[in-house]
1. Pairs only if they're at least six apart or on different chains, beta carbon under 6 angstrom, first in segment 254-280 and acidic (Asp, Glu) and crowded, with 18+ Cβ neighbours inside 10 Å, second outside any loop (DSSP other than H, G, I, E, B) and modelled with pLDDT of 90 or more; list them, first residue then second.
2. Which condition does residue 390 not pass, out of (1) out of contact with any Ser or Thr (no Cβ under 6 Å at 6 or more places or on another chain); (2) at pLDDT below 90, if it passes all the others?
3. For a quick check of your reading: which helices (runs of 4 or more DSSP H) sit entirely within segment 26-111 and have at least 3 residues that are farther than 22 Å from residue 128 by Cα and open to solvent by 60 Å² or more (accessible area, probe 1.4 Å)?
4. How many residues does segment 488-507 hold that are under 14 Å from residue 436 (Cβ atoms), open to solvent by 20 Å² or more (accessible area, probe 1.4 Å) and among the hydrophobic types (A, V, I, L, M, F, W, C)?
5. Quick check on my filter: what residues within segment 438-449 are open to solvent by 30 Å² or more (accessible area, probe 1.4 Å) and either among the aliphatic types (A, V, I, L, M) or in a strand (DSSP E or B) (or both)?
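The values are calculated or read from the model by the stated rules, or taken from the named source; none is laboratory data. Source: prediction; values computed, not measured. No Cβ is skipped: glycine too gets one built from the backbone with ideal geometry, and neighbour counts run over all protein chains shown. These area figures cover heavy atoms from the full protein model, side chains too; ligands, DNA and RNA do not enter into them. Shrake-Rupley method; radii C 1.70, N 1.55, O 1.52, S 1.80 Å.
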Amino acid sequence: MLKAVRIILALLSFAAVCLLFVDVNGYAAAHWGWMAKIQLIPALLALNLGVVAVLALCTLLFGRVYCSIVCPLGVYQDFINSLRGRIGKKKKRKNRFRFKPENTKLRYGFFSVFVVLLVLGLLGVVANSFAGMLDPYSSFGRIMGQLIVPGARAGIGTVAQNVAADGYFFLDSVPLPSPLSFAVMAVAVVSLLVVTVMAWRGGRDYCNTVCPVGSVLGFISRYALLRINIDTDKCNGCGKCGRNCKASCIDTKNHEIDLSRCVVCMDCIGNCSQSAISFSRVKKVPSRYENAPDKGRRLFLAASAFVAGSAAMKAADKTTDGGLEPLQKKHSHSGILRAVPAGSASLEHLSSVCTACQLCVSACPNGVLKPTAGFDGFMQPHMVFTQGYCRPDCTVCSDVCPAGAIKPISVEEKAVTKIGTAHVDASICISASQGVDCGSCSRHCPAGAITMVGLPDGNLRPVVDEGACIGCGSCEYHCPVGNVVGLGSKTAAIYVEGIEQHRKIVH
């Protein structure tokens, strides 16, 4: 019964997190967006101390149930392990585990690397996305965002286009497929392969060697009130529990369990034909793994203290007004400061907190957010206005961010928050240089910050009021230059450059 309950809760949790990434109309984010915010590392970075305290308390009471139920990457590993148990020769897929002592060098080595990267990120030395490479939730998010969501969105969009005319629930709300980044996709593919291979070969080896969350919760779970216990009076020494323990933490010879690695999957209870294993408070035989000196304890405490101290208008269907020439893919301007969403406050804050889980990228209704490919801010979101613009009435990214990198912001606040400034390249502007009656940027500016001003030669040139421009990117998105082949440029004639520190527009 306990195993069945655990599996049901794990499947519900896994489905909920997956739907957050594939969400096409905001329903999932509105009803269970909190599922992303109860992931340990994002909650820690967002200083959601209540969530961190609840997770720690649950671990003290029940052991590492977080790893078996809440963590999507942990549930995925259980799926792979279950699949492995059903494929191949029976001798190889059954009884394929054995007890292994804790690999402290690997476990605390990876944990040390994670802490160093996390602290350096919080101090603004590097982007915290590098620490996010080891965070299980962020790794799962990249796998979903780069490998699953684009195909799912494309499929949903195809269905939406063929539903009845009155099906506006779909037609009006399917976001564009998230922009892909080959660098981030490579990281996602490598992460998927590593996790899958380790789960296929060693069950929960990834959780107990690589994963920093597993190391943190493993330390706490040593003192869990309820734990897996072996009744030596009933045990007949068959060793079946140990040979089927995916965490390799059951020492059948000494009838002991390494609680720091046990993920409370309850498999051993179902595998025991003698009913000698229970999940209870009673423990008849003291475990040497509970009382033995922990070689990584001092490292864990020091690292935890270090971290705690450091942590103190809808998109248009076309990009031209008249279909002058065949369209091409518009390129972004290079060598400019990238723009980041309102709510992130500054480029420095986003860089120091974001773990690059890709949830905001997947959730962006207009496909404006894209992972950064360069070393500076690698995999973290930035705004690309060639495929869409940031609607002043949209706060989706700030609503879903679990780590506090993009803090919640109201529509009213966002409408007066300056995240960048538009600049005009008059040399390629078809109005200023060719005398074409365009003015697309001026007509589509929601802030009314662009005015068409007459030049001595009679042409009209767009002029940006930098004090009124909020940097939404509508002008760059709607500029026909860059999209129209015959205009001779692959970039827009007006583009948005981000600013280091966001500020309020004062009218």
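1. Once the first residue is acidic (Asp, Glu) and crowded, with 18+ Cβ neighbours inside 10 Å and sits in segment 254-280, no partner that is outside any loop (DSSP other than H, G, I, E, B) and modelled with pLDDT of 90 or more comes close enough.
2. (2)
3. Per the criteria, 27-32, 49-62, 90-93.
4. 0
5. 447, the sole residue that qualifies.
Residues checked against (1) buried (at least 24 other Cβ atoms within 10 Å of the Cβ); (2) in a helix (DSSP H, G or I):
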residue	(1), (2)
436	no, no
451	no, no
456	no, no
461	no, no
470	yes, no
486	no, yes
